[in-house]
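Encoded as structure tokens, the structure appears first; notes follow it.
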Amino acid sequence: MDRNMSFYLLTDCHYLSKECWDEGLPITKRERGDQIALKTSPQILDTFLEKIIADKTTDTVIFLGDNVNSGDMNSHREFRNRLQMLKDAGKNVYISVATHDYCSPNGEDECFQKNAVRYTAAGCEPVPFMLRSELFDFYEPFTHRNALSVDPESGSYVVKIGDKLRMIIIIDNGNGRSHCGLFEEGMKWLESEVDRAAEAGDYVLFAVHHPVIPPWEVYRHMADFELYGGYRELSALMCKKKVRAVFTGHTHVQNIRRFEGENGRYFFDISTVALVNAGGVMRKVTITGDGKCTVESVGIDKINGVDTGEKTRFDYLYELNFTGLIEHALPYVKSDYDGFLTMTDGLVPVDKLKKHKMLVKFAVSKVEKLKMSSLAKLVNAKKLLTKEQYKNAENQKALESAFVLLRHIYTGNAPFTPGTVENTVFTCAAKRLDRLTNIFNIKPLKNLIPSGSSFAQMAQDFLYNNRTGDDDFIEFNLN
Ligand SMILES: [Fe+2]
Ligand SMILES: [Fe+2]
């Protein structure tokens, strides 16, 4: 390549038009459970787009699917207007589509969304929605119009995004209940396209909505169907043909993993957090003339048009959803029990908790008081801590450390590396759980563990970055 080439990649925008909701419990409950911001999704997207437009060094933008939240036409029209706005600003725009982008009234296309709704103050009402078969016509300027090649079966396509760079956007049909990925003909098409790129002397990268390598070992074990279905085949192809990276979404998890196949051949699965997650970012990918590929993460500090008060963007959005809401609401169990129930309505079984007020208050106050030092004793970790660590642990609440872990589930890069108090204590707690599971042969827990693994081992994926060391940045060579 004569000059550096770069592109932005955004995924899981889950755009929800304001036309689709009135303020009220129905939309609030939906948002509480989804772990993403829905009400402010247009403002979040717009803030990122402003940043992209301001960056004159990058002229390509790729969206990786779940572009809208529930396949309704209002959201699609507004989303497409934004793509056009990018185009008018001089950007080349390409999109993938995924299961949130359409509905299947009769359950065809393996889509779990039968129809789209508008949330009213008291419930919801049906609104017009997109069918899968209509997507490529609707988004033609942002998909096949400038493609070098299109797979007729899946709609996957190849675009040239730099002097010497091709991106193959793979549309992995289905949600994996029976299929998710390319069929046999699609794989042949893919392989021939990689060969064509090589013949032309172009580098080639892949982008696909579903992950090829799971973010954590337990993900493959629990939700294999949510991975790109032919991941073994695709991994083998990438290794064989030296396709160095695939960009993925869907898990909403910020995660970079390296896959190593036979003869030391490898590739990276660069999975990007949902744009509308509290810690949502986009990736900026830069490729130099000699093939050095740098992947950075670009976030936003504020959301245009949204008043977050004293709170940071992360805190404001985090408190809308399950884990953040629990963290935010738990202190109210003691001081304002009814307020706690109102805050978490839709997430916790409010009726049951109303009946057991005293018990809940007791349990929460015990958990809140638990110090890391007491937990260390309880799980036999004290002997593994230095005197100084143990002393510090006496002033450290176990629940606060647990909340730190939860805050990093989607954003990656959890801070508890081996040797820290938290890693030692939580690993010992997981070992204790392993022992109890085996002694009492607790089947539901055993079923959670991939073969050859353990809770202690699985916990490492969440305690710190045991992957490539940084989920936000990587540099590698395409040659
Ligand atoms: Fe998604
Ligand atoms: Fe998805």
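Residue-wise test of (1) surrounded by fewer than 17 Cβ atoms within 10 Å (Cβ to Cβ); (2) at pLDDT 95 or above.
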residue: R145; (1), (2): yes, yes
residue: G162; (1), (2): no, no
residue: L182; (1), (2): no, no
residue: E185; (1), (2): yes, no
residue: S192; (1), (2): yes, yes
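Here K391 meets the list (1) in a helix (DSSP H, G or I); (2) touching a helix residue (DSSP H, G or I) at 6+ places or on another chain (Cβ under 7 Å); (3) over 25 Å from V273 (Cβ atoms) almost entirely, failing just condition (2). Criterion first (within 27 Å of I409 (Cα to Cα) and in contact with a helix residue (DSSP H, G or I) (Cβ under 8 Å, 6 or more places away or on another chain)) does I213 satisfy it? So I213 passes the test. Confirm whether E140 is at pLDDT below 95 and either of a type in the set (S, T, Y) or out of contact with any strand residue (DSSP E or B) (no Cβ under 7 Å at 6 or more places or on another chain) (or both). No: the conditions fail for E140. Does L135 fit the bill of being modelled with pLDDT under 95, in contact with a Gly (Cβ under 9 Å, 6 or more places away or on another chain) and closer than 30 Å to T28 by Cβ? It is false that L135 is modelled with pLDDT under 95, in contact with a Gly (Cβ under 9 Å, 6 or more places away or on another chain) and closer than 30 Å to T28 by Cβ. Taking the listed residues L320, L325, the one that is part of a loop (DSSP other than H, G, I, E, B) and either within 16 Å of ligand 2 (Cβ to nearest atom) or in the same structural domain as A402 (by TED's automatic domain parsing) (or both) is L320, with no other qualifying.
Applying a threshold of 6 Å to beta carbon distances and a minimum spacing of six or more residues, or different chains, the list of pairs starting in region 59-78 at a residue that is in the same structural domain as N92 (by TED's automatic domain parsing) and away from ligand 2 (no atom under 16 Å from the Cβ) and ending at one that is in a helix (DSSP H, G or I) and charged (D, E, K, R) reads N74/E19. Of the residues in region 3-12, none is at pLDDT 95 or above, part of a helix (DSSP H, G or I), out of contact with any strand residue (DSSP E or B) (no Cβ under 7 Å at 6 or more places or on another chain) and under 23 Å from I95 (Cα atoms). Considering every residue within region 255-270, establish whether at least one is in a loop (DSSP other than H, G, I, E, B) and within 16 Å of ligand 1 (Cβ to nearest atom). No.
G280 passes every criterion in (1) surrounded by 23 or more Cβ atoms within 10 Å (Cβ to Cβ); (2) touching a residue at least 60 places away in the same chain (Cβ under 8 Å); (3) assigned to a strand (DSSP E or B) apart from (3). Selection of region 114-135 for residues being under 22 Å from S156 (Cβ atoms) and either in contact with a Ser or Thr (Cβ under 6 Å, 6 or more places away or on another chain) or small (G, A, S) (or both) yields only S133. Quick one: count up the residues across region 420-451 that are within 22 Å of K387 (Cβ to Cβ) and assigned to a loop (DSSP other than H, G, I, E, B). Adding up the residues that qualify gives 1.
Per the listing S104, S96, the residue uniquely more than 22 Å from the chain's Cα centre (by Cα), surrounded by 14 or more Cβ atoms within 10 Å (Cβ to Cβ) and within 16 Å of ligand 2 (Cβ to nearest atom) is S104. Filter region 400-419 for residues that are farther than 20 Å from S454 by Cα and free of Cβ contacts under 8 Å to residues at least 60 places away in the same chain; which is surrounded by the fewest Cβ atoms within 10 Å (Cβ to Cβ)? The residue in question is E400. Of the residues making up region 164-177, those that are closer than 14 Å to I95 by Cα and either surrounded by fewer than 17 Cβ atoms within 10 Å (Cβ to Cβ) or away from ligand 2 (no atom under 16 Å from the Cβ) (or both) are M167, I168. Among the residues of region 242-254, are any away from ligand 2 (no atom under 16 Å from the Cβ) and either under 24 Å from A459 (Cα atoms) or assigned to a strand (DSSP E or B) (or both)? Checked against the condition, which is being away from ligand 2 (no atom under 16 Å from the Cβ) and either under 24 Å from A459 (Cα atoms) or assigned to a strand (DSSP E or B) (or both), region 242-254 yields at least one hit.
Somewhere in region 213-226, is a residue in the same structural domain as V246 (by TED's automatic domain parsing), more than 16 Å from ligand 1 (Cβ to nearest atom), buried (at least 16 other Cβ atoms within 10 Å of the Cβ) and not in a helix (DSSP H, G or I)? Yes.
Quick one: would you say G33 is within 16 Å of ligand 1 (Cβ to nearest atom) and over 25 Å from A207 (Cβ atoms)? Answer is yes for this residue.
Among the residues of region 97-152, those identified as away from ligand 1 (no atom under 16 Å from the Cβ) and hydroxyl-bearing (S, T, Y) are S104, Y119, T120, S133, Y139, T143, S149. Checking A89, A121 one by one, the residue that is in contact (Cβ under 8 Å) with a residue 12 or more places away in the chain, under 30 Å from K56 (Cα atoms) and away from ligand 2 (no atom under 16 Å from the Cβ) is A89 and no other.
The values are calculated or read from the model by the stated rules, or taken from the named source; none is laboratory data. Bear in mind that the values here come from a model prediction, so they are computed numbers and not experimental data. With ideal geometry, Cβ positions are generated from the backbone for all residues, glycine too; neighbour counts draw on all protein chains shown.
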